[in-house]
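**Q** Got a structure here, written out as structure tokens. Questions coming.
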Amino acid sequence: MFPPLQDLYRIAPELVLCAFGMLVMLIDPFVPATRKRSMGWLAFAGTLVALASLRWAALNQGSAYSGLFRVDMFSLFVHAIVIGVSALAILGSFDYLDRENIQRGEYYALILFATAGMGILAGSTELITAFVGLEMSSISTYILVGFRRTVLKSNESSLKYFLLGSFATAFFLYGIALTYGATRSTRFDVVNQAIAAHGAGPLLILGLGLIFVGLGFKVVAAPFQIYTPDVYEGAPTPVTAILACGPKAAAFAVMLRIFYSAFGSASHVWFWAIWVSAILTMCIGNFAALVQTNVKRLLAYSSIAHAGYILVAFAAASEIGVAAVLFYLAAYAAMTLGAFLIVAHVGGTNEQRLNIEDYAGLGTKHPWIAACFALFLFSLLGLPATGGFLGKLYAFQSALDQRIVWLVVIAAVNSVIGAYYYLKVVVAMYFHESNKEWAPMPMRAPMFVVLLLTAIATIYFGVLPNRLMELAIASARSLR
Amino acid sequence: MFILNHLWIILALPLAGSMLTLLAGRHWAQKYVNLSSVGFVVLAFLSYCELAREFFNLSAAQIPWIGNYFTWMTAGNFRVDFALQVDQLTIVMLGVVTFVGMLIHIYSVGYMAHEEGYYRFFAEMNLFMFFMLTLVMAANLVLMFVGWEGVGLCSYLLISFFFQKKSAADAGKKAFITTRIGDFGFTIGILMAFWTFGSIDYKTMFAAAANMPVEGMHQWGVLTSICLLLLAGAVGKSAQLPLYVWLPDAMEGPTPVSALIHAATMVTAGVYMVARMNVLFSHAPAAMLAVAVIGGATALYAATIGLAQNDIKKVLAYSTISQLGYMFLACGVGAYAAGIFHLMTHAFFKALLFLAAGSVIHAMGGQQDMQHMGGLRKKIPWTFGTMLVATLAISGAPLFAGFFSKDEILFDAYAGPNANMVLYVVGISAALLTACYMFRLIFLTFYGKPRYDEHHVHVHESPKVMLAPLVILAILSVIGGWFVLPTYWGGKDYFQGFLDPVFASSTALAAKMHPAWTEPPHSLELTMAAIAVGVAFVGFLIAWYLYIRKPALPNKVANAFGPVYKLLLNKYYVDELYGAIIIGPLIWISRNVLWKVIDVGLIDGTVNGLAFLSRESGVGLRRMQSGNTRSYAAWVVIGAVAVTVFFVWMVR
């Protein structure tokens, strides 16, 4: 039996991304070393075509490949986030790669392959498909993390990420096996029916627990966040930007599908696990960030803390909660991407300026960069009129609607603690005198465009959130 | 129908001008700044003209015309649309704002030519226009509040335009904080309105309010509470008792700012809001009375202070407060149309007075004290002529614009459905004082012998770009009130007739509430007009006698009535009073209780303690982060065991 042609349309974005990835790999050997940046533009074009092909997929909504993959509002929403993140990260990588002297085509190809994996993850409605997507994105990012081959730190974090990531994936795979053993299927809808018919037995719940280990690792939920600061710090900063946004969004998406759709009727079982994990994640992220002096590492911890806030909305397990998760992911992607790319830009050659005191005086020397960074930090902190504020607001609101009061209280206290370390950076930028000479930091057009877009998105989500929220609610509705 | 279908254009034009000027203006020559900022305001006025033309082709059923552009925010039932509304009231207000705003922008080209921060001034003026238009065109309370706060912000920025001067910076802060007190009430009023009507759309609110019973004078219900809270906001913004103190200080700003923001437009926002909410107010007679009493008291009170001020702009500031009082008085007795009418004519002649005063100050090289002027009539004839026209208008000389509007207010206070003899007497006394202090200003400035050093001050007439707006406003100060002229031979009041649909339900309700009231005879109207003119003439005579006939007399009078004069000169010591009973204790509490006890002791103590704890736990967490892959893997295993045990335990 041959799958219908329409199924190909449904995975059009993935096909486009892979095709462009392979195209980059094929052309790359014939491009002279000085012209490698053109591969980046080709990859960027690939992401744009992929974004455009989302429209095509949207016209062919429905299940594909006998229930393995599904195109609905939810998957389209997450696709838009992950492809958008990759597109902007590609633009933001040009200067960085030039500076580090690692401008090579496979970098861009790997980003495209990873993005395709994230797309599969977002659309999968079956565990093995999810596993394929997970591995596709993971393996590509393992390599990307170690892309600064001559830098010891980069190698170390790549290896660490690979070993621990494979370890966590093994748990995931084991969880799939147990789920199959309990329900004789790996399809989410069948699992859901099985739970509805026979209830969730110990075997199935054990499977869910192990799946949570594997996905918790990807979304950096405690207690599986442990690798994050090391890996994020060692990776080339633009790659860190992708790691913090793309795979996290895709893994949250598949986690929502599994927990909310497949295991929705067993939510009393997993609710408390998420509850505990959310608190641990927020607290570990925020408290550890307090003592950081390295901005890149600080932002890594901050990304852990934000995973905790997203878990708060996750725990709500309602339609509005799912919408809040999606809104948060989009707002978070804009501000985090912008923040990390500024770190990449300010860091300079060999990422030598990463400490907070290196940012002293940035406000007077580079007012526009400092203003953008301050905006992203304010948004991460959750100041009103930024996307971060509304993300938190919707997340906490959705949890309160479900009367999960204590979790929200702890989350609110945590976001106050967060103010301390975010503002520390802002204070350094604006109120401390620079102790070093600032080397000029010419900003090229692609980077400028990325910062402009992320800043506009951060403000737009904060001032006019309605459009995005309506889309998020429609996406959440399509999930069930 | 183009502009009606794209109402946002009128808002977008000044906003675009502001952004363009702010971002690029720093590097521009002045003429490009002029082109962008003045150009966009002229375009806004032209689109208003087109809007008005299209509006008159609408049928009655299509009004109010609402353009809903997008949903701004939703939270549960709470929903705010970015929606703009056009009805007759909007048309009048828009006309005043765009037209007077345009003239003042043109005038500023000359007035501000030598100031530093030229582009900043125009960017902020444009921004002000944007917010003011938002305020006027909003179709719901929240959007109106956005405009309301926005104009407050621009007012603050422009008052402290010369921010190197401490008095200017302080005046800006004072304006911002004082109006904020009123805005606090306004905000609660909005929330209560939402709570009561389930919406903050005008249309829904008014429809719901119209079906509610009229509340008693002594039994306050929810409508009275809402109206009183909204009134608090209006009192702050329109500088009424007791929150008027910021407006005289606001004269620290450049004169065009005083003319545009602190005379013609922003300060009238309170009156506009009360008129806009007329359906609510007419269901709350107690709130109506409060509006009338505050208005009447302010009109008289500010006029007395105006008698003794020597700074030419301060006189005009108190005069503005007093005239705003008239408008509130009108709204309070249910004569909303008369209030809006006075708002419009006042915008013409008060803007003119300020611009002419600016021209005088310009001519005198910055001198604002009238005791150091005198005899300027021949030297700056255009300024003198236009200022005289405005003075005649504000004093209520027959056939001038102010005559008609003030007359209507006094007439309604005397013979309208909610007539009140006390308010009428207060109003007519204020009219006497108005003529008196305004002619005092004219005589001190333009007549008599020069009281300045003629060798050092080179008096010169202002450039044409400043005079042209003066002349246009002078013409309007004469003919601006002629809509009403036909009533004097028993014809129709065109202004009131035009606004009638907006206030129809309130008028009908007032008639229902006072069944005994009958339309007063036409002859009464003429008698009332005659009385008003007579009173104003007496005021003029007093000023003439004191400042032309016997110029030595005022000092003697001042000495004879020493304490009274000092009281007026020092503005009843209200600033000192507020300082002693409000600001002083606040500072004391802030310093000794809030700061030393609560802040340093309680909050800092807790925060430092928490910060210590947090940092310690952070250090602990850092130790966990050994960097060793094997120990990380161990953590993952521990976590996995914990999760699985937990899950299995849950289904047990």
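Let's see how each residue does on (1) surrounded by 22 or more Cβ atoms within 10 Å (Cβ to Cβ); (2) touching a helix residue (DSSP H, G or I) at 6+ places or on another chain (Cβ under 6 Å); (3) basic (Lys, Arg); (4) closer than 30 Å to A:PRO238 by Cβ:
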| site | (1), (2), (3), (4) |
| --- | --- |
| A:ALA262 | yes, yes, no, no |
| A:SER265 | no, yes, no, no |
| A:ARG297 | no, yes, yes, yes |
| A:ILE304 | yes, yes, no, yes |
| A:ALA316 | yes, yes, no, no |
| A:VAL325 | yes, yes, no, yes |
| A:MET335 | yes, yes, no, yes |
| A:ALA339 | yes, yes, no, yes |
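**Q** Further question: Restricting to the stretch B:619-637, count the residues that are at the interface with chain A (Cβ under 7 Å from one of its Cβ atoms) and either more than 18 Å from A:PHE212 (Cα to Cα) or surrounded by fewer than 15 Cβ atoms within 10 Å (Cβ to Cβ) (or both). Explain how you work it out, then say what you get.
**A** Start the filter on the stretch B:619-637 by keeping residues that are at the interface with chain A (Cβ under 7 Å from one of its Cβ atoms), which leaves B:619, B:621-622, B:625, B:627, B:629, B:632-633, B:635-636.
Filter once more, so that each one left must be either more than 18 Å from A:PHE212 (Cα to Cα) or surrounded by fewer than 15 Cβ atoms within 10 Å (Cβ to Cβ) (or both): B:619, B:621-622, B:625, B:627, B:629.
Number of matching residues: 6.
**Q** Within the stretch B:537-566, track down each residue that is aliphatic (A, V, I, L, M) and part of a helix (DSSP H, G or I).
**A** Of the residues in the stretch B:537-566, the ones aliphatic (A, V, I, L, M) are B:538, B:541-543, B:546, B:548, B:552-553, B:557-558, B:560, B:564.
Scanning the stretch B:537-566 gives B:VAL538, B:LEU541, B:ILE542, B:ALA543, B:LEU546, B:ILE548, B:LEU553, B:VAL557, B:ALA558, B:ALA560, B:VAL564.
**Q** Counting only residues that are open to solvent by less than 50 Å² (accessible area, probe 1.4 Å) and in contact with a Pro (Cβ under 7 Å, 6 or more places away or on another chain), which one in the stretch B:638-652 is nearest to A:HIS198 (Cα to Cα)?
**A** The extreme case among them is B:VAL651.
The rows are residues; the columns are (1) more than 30 Å from A:ARG104 (Cβ to Cβ); (2) of a type in the set (Gly, Ala, Ser).
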{"position": "A:VAL220", "(1), (2)": "no, no"}
{"position": "A:PRO223", "(1), (2)": "yes, no"}
{"position": "A:ASP230", "(1), (2)": "no, no"}
{"position": "A:VAL239", "(1), (2)": "no, no"}
{"position": "A:ALA244", "(1), (2)": "no, yes"}
{"position": "A:LYS248", "(1), (2)": "no, no"}
{"position": "A:GLY264", "(1), (2)": "yes, yes"}
{"position": "A:TRP270", "(1), (2)": "yes, no"}
{"position": "A:SER277", "(1), (2)": "yes, yes"}
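**Q** List pairs: first in the stretch A:29-58 and under 14 Å from A:TYR107 (Cα atoms), second of a type in the set (D, E, K, R) and assigned to a helix (DSSP H, G or I), Cβ under 7 Å, 6+ apart or cross-chain?
**A** A:MET39/A:ASP28
**Q** Considering B:ARG53, B:ARG79, B:ARG120, which residue is open to solvent by 40 Å² or more (accessible area, probe 1.4 Å) and either within 14 Å of chain A (Cβ to nearest Cβ) or in a loop (DSSP other than H, G, I, E, B) (or both)?
**A** Numbers: B:ARG53 fails: either within 14 Å of chain A (Cβ to nearest Cβ) or in a loop (DSSP other than H, G, I, E, B) (or both); B:ARG120 fails: either within 14 Å of chain A (Cβ to nearest Cβ) or in a loop (DSSP other than H, G, I, E, B) (or both).
Going through B:ARG53, B:ARG79, B:ARG120 in turn, the sole match is B:ARG79.
**Q** Against the definition (over 30 Å from A:MET441 (Cα atoms), open to solvent by less than 50 Å² (accessible area, probe 1.4 Å) and either modelled with pLDDT under 95 or touching a Ser or Thr at 6+ places or on another chain (Cβ under 9 Å) (or both)), how does A:VAL78 come out, yes or no? Don't jump to the end; show me each part of the working.
**A** Details: over 30 Å from A:MET441 (Cα atoms): yes; open to solvent by less than 50 Å² (accessible area, probe 1.4 Å): yes; either modelled with pLDDT under 95 or touching a Ser or Thr at 6+ places or on another chain (Cβ under 9 Å) (or both): yes.
Here the answer is yes, as A:VAL78 does meet what is asked.
**Q** Determine which member of the set B:ALA175, B:ALA139 is modelled with pLDDT under 90, crowded, with 24+ Cβ neighbours inside 10 Å and out of contact with any Cys (no Cβ under 9 Å at 6 or more places or on another chain). Give the steps one after another, and end with the answer.
**A** Details: B:ALA139 fails: modelled with pLDDT under 90.
Step by step, each of B:ALA175, B:ALA139 is checked, and only B:ALA175 is modelled with pLDDT under 90, crowded, with 24+ Cβ neighbours inside 10 Å and out of contact with any Cys (no Cβ under 9 Å at 6 or more places or on another chain).
**Q** Still on this structure, please answer the following. Kindly evaluate A:ALA249 against the criterion of being in a loop (DSSP other than H, G, I, E, B) and small (Gly, Ala, Ser). Even if it seems obvious, please write down each step before you answer.
**A** On the way: in a loop (DSSP other than H, G, I, E, B): no; small (Gly, Ala, Ser): yes.
Against the criterion (in a loop (DSSP other than H, G, I, E, B) and small (Gly, Ala, Ser)), A:ALA249 does not qualify.
**Q** Sticking with this one: Here are the criteria: (1) part of a helix (DSSP H, G or I); (2) closer than 24 Å to A:LEU91 by Cβ; (3) open to solvent by less than 60 Å² (accessible area, probe 1.4 Å). Tell me which single one A:ILE456 does not satisfy.
**A** Here A:ILE456 clears every test but (3).
**Q** Among the residues of the stretch B:187-199, which ones are open to solvent by less than 30 Å² (accessible area, probe 1.4 Å) and in contact with a Ser or Thr (Cβ under 7 Å, 6 or more places away or on another chain)? Working first, answer last.
**A** At the first step, the residues of the stretch B:187-199 found to be open to solvent by less than 30 Å² (accessible area, probe 1.4 Å) are B:189-190, B:193, B:197, B:199.
Listed by number, the list holds a single entry, B:PHE197.
**Q** So which residues in the stretch A:259-275 are under 13 Å from A:ILE205 (Cβ atoms) and within 14 Å of chain B (Cβ to nearest Cβ), if there are any at all?
**A** Start the filter on the stretch A:259-275 by keeping residues that are under 13 Å from A:ILE205 (Cβ atoms), which leaves A:259, A:262-263, A:265-273.
Answer for the stretch A:259-275, where residues must be under 13 Å from A:ILE205 (Cβ atoms) and within 14 Å of chain B (Cβ to nearest Cβ): A:PHE259, A:PHE263, A:SER265, A:ALA266, A:SER267, A:HIS268, A:VAL269, A:TRP270, A:PHE271, A:TRP272, A:ALA273.
**Q** Output the residues belonging to the stretch B:107-116 that are open to solvent by less than 20 Å² (accessible area, probe 1.4 Å) and not polar (S, T, N, Q).
**A** The first filter runs over the stretch B:107-116 and keeps only residues open to solvent by less than 20 Å² (accessible area, probe 1.4 Å), leaving B:107-108, B:110, B:112.
Once the filter is applied, which keeps residues that are open to solvent by less than 20 Å² (accessible area, probe 1.4 Å) and not polar (S, T, N, Q), the stretch B:107-116 yields B:TYR107, B:GLY110, B:MET112.
**Q** If I ask for residues that are part of a helix (DSSP H, G or I), among the hydrophobic types (A, V, I, L, M, F, W, C) and farther than 13 Å from A:ALA278 by Cα, which ones from the stretch A:377-412 would you list? Can you show your working first?
**A** At the first step, the residues of the stretch A:377-412 found to be part of a helix (DSSP H, G or I) are A:377-381, A:387-401, A:405-412.
Next, only the ones that are among the hydrophobic types (A, V, I, L, M, F, W, C) stay: A:377-378, A:380-381, A:389-390, A:393, A:395-396, A:399-400, A:405-412.
Answer for the stretch A:377-412, where residues must be part of a helix (DSSP H, G or I), among the hydrophobic types (A, V, I, L, M, F, W, C) and farther than 13 Å from A:ALA278 by Cα: A:LEU377, A:PHE378, A:LEU380, A:LEU381, A:PHE389, A:LEU390, A:LEU393, A:LEU400, A:VAL405.
**Q** Have a look at A:PHE44, A:PHE20 and point out the one that is under 23 Å from A:GLY133 (Cβ atoms), in a helix (DSSP H, G or I) and open to solvent by 40 Å² or more (accessible area, probe 1.4 Å). First the steps, then the outcome.
**A** On the way: A:PHE44 fails: open to solvent by 40 Å² or more (accessible area, probe 1.4 Å).
After applying the criteria, what remains is A:PHE20.
**Q** I would also like to ask the following. Consider A:TRP368 against the criteria (1) under 30 Å from A:ALA278 (Cα atoms); (2) within 14 Å of chain B (Cβ to nearest Cβ); (3) modelled with pLDDT under 90: it satisfies all of them except one. Which criterion is unmet?
**A** The single condition A:TRP368 does not satisfy is (1).
**Q** I'd like the residue in the stretch B:20-35 that is in contact (Cβ under 8 Å) with a residue 40 or more places away in the chain and of a type outside the set (D, E, K, R) and, out of all such residues, is farthest from B:LEU103 (Cα to Cα). Even if it seems obvious, please write down each step before you answer.
**A** So in the stretch B:20-35, the residues in contact (Cβ under 8 Å) with a residue 40 or more places away in the chain come out as B:21-22, B:25-26, B:28, B:30, B:33-34.
Next, only the ones that are of a type outside the set (D, E, K, R) stay: B:21-22, B:25, B:28, B:30, B:33-34.
Details: B:THR21: 19, B:LEU22: 21, B:GLY25: 21, B:TRP28: 23, B:GLN30: 18, B:VAL33: 16, B:ASN34: 13 Å.
Here the answer is B:TRP28.
**Q** Name the one entry in A:TYR180, A:TYR161 that is touching a residue at least 24 places away in the same chain (Cβ under 8 Å), away from chain B (no Cβ under 14 Å), part of a helix (DSSP H, G or I) and not basic (Lys, Arg).
**A** Values: A:TYR161 fails: away from chain B (no Cβ under 14 Å).
Just a single option satisfies the conditions, and that option is A:TYR180.
**Q** Every residue in the stretch A:189-222 that is more than 14 Å from every other protein chain (Cβ to nearest Cβ) and either basic (Lys, Arg) or surrounded by 24 or more Cβ atoms within 10 Å (Cβ to Cβ) (or both), please. Explain how you work it out, then say what you get.
**A** Taking the stretch A:189-222 as the starting set, the residues that turn out to be more than 14 Å from every other protein chain (Cβ to nearest Cβ) are A:189-194, A:196-197.
Passing the criteria: only A:VAL191.
**Q** Another question, if that's okay. Just to be sure before I move on: is B:PHE184 assigned to a helix (DSSP H, G or I), of a type outside the set (D, E, K, R) and crowded, with 24+ Cβ neighbours inside 10 Å in the structure I sent?
**A** Numbers: assigned to a helix (DSSP H, G or I): yes; of a type outside the set (D, E, K, R): yes; crowded, with 24+ Cβ neighbours inside 10 Å: no.
So B:PHE184 fails the test.
**Q** Which of the numbered conditions does B:MET421 fail, given that it passes all the others? Conditions: (1) among the hydrophobic types (A, V, I, L, M, F, W, C); (2) farther than 30 Å from B:VAL96 by Cβ; (3) touching a Leu at 6+ places or on another chain (Cβ under 8 Å).
**A** Unmet condition: (3).
**Q** Show me the helices (runs of 4 or more DSSP H) entirely contained within the stretch B:200-249 in which 1 or more residues are surrounded by fewer than 20 Cβ atoms within 10 Å (Cβ to Cβ).
**A** Values: elements: B:202-210, B:222-237, B:246-249.
Because the criterion is at least 1 residues that are surrounded by fewer than 20 Cβ atoms within 10 Å (Cβ to Cβ), the helices (runs of 4 or more DSSP H) in the stretch B:200-249 that meet it are B:202-210, B:222-237.
**Q** Search the stretch A:172-188 for residues being polar (S, T, N, Q) and open to solvent by 10 Å² or more (accessible area, probe 1.4 Å), and hand back the single one that is farthest from A:SER157 (Cα to Cα). Steps first, please.
**A** Step one: of the stretch A:172-188, the residues polar (S, T, N, Q) are A:179, A:183, A:185-186.
If we keep only those that are open to solvent by 10 Å² or more (accessible area, probe 1.4 Å) too, we end up with A:183, A:185-186.
Numbers: A:THR183: 38, A:SER185: 36, A:THR186: 33 Å.
Per the criteria, the residue is A:THR183.
**Q** Pick out the one residue from B:LEU46, B:LEU13 that is on the phi < 0 side of the Ramachandran plot, crowded, with 19+ Cβ neighbours inside 10 Å and free of Cβ contacts under 8 Å to residues at least 40 places away in the same chain. So that I can check it myself, show each step before the final result.
**A** Details: B:LEU46 fails: crowded, with 19+ Cβ neighbours inside 10 Å.
Just one listed residue meets the conditions, B:LEU13.
**Q** State which residue is nearest to the other protein chains (Cβ to nearest Cβ) when the search covers only the stretch A:166-177 and only residues that are aliphatic (A, V, I, L, M) and more than 13 Å from A:GLU126 (Cα to Cα).
**A** First pass over the stretch A:166-177, keeping only residues aliphatic (A, V, I, L, M): A:168, A:170, A:173, A:176-177.
Subset that is more than 13 Å from A:GLU126 (Cα to Cα): A:168, A:170.
Working: A:ALA168: 6, A:ALA170: 10 Å.
The extreme case among them is A:ALA168.
The values are calculated or read from the model by the stated rules, or taken from the named source; none is laboratory data. All values reported here derive from a predicted model rather than from experimental measurement. Cβ sites come from the backbone with ideal geometry, for glycine too, and all protein chains shown count toward neighbours. What goes into the accessible areas is simple: the full protein's heavy atoms, side chains included, and nothing from ligands, DNA or RNA. Shrake-Rupley method; radii C 1.70, N 1.55, O 1.52, S 1.80 Å.
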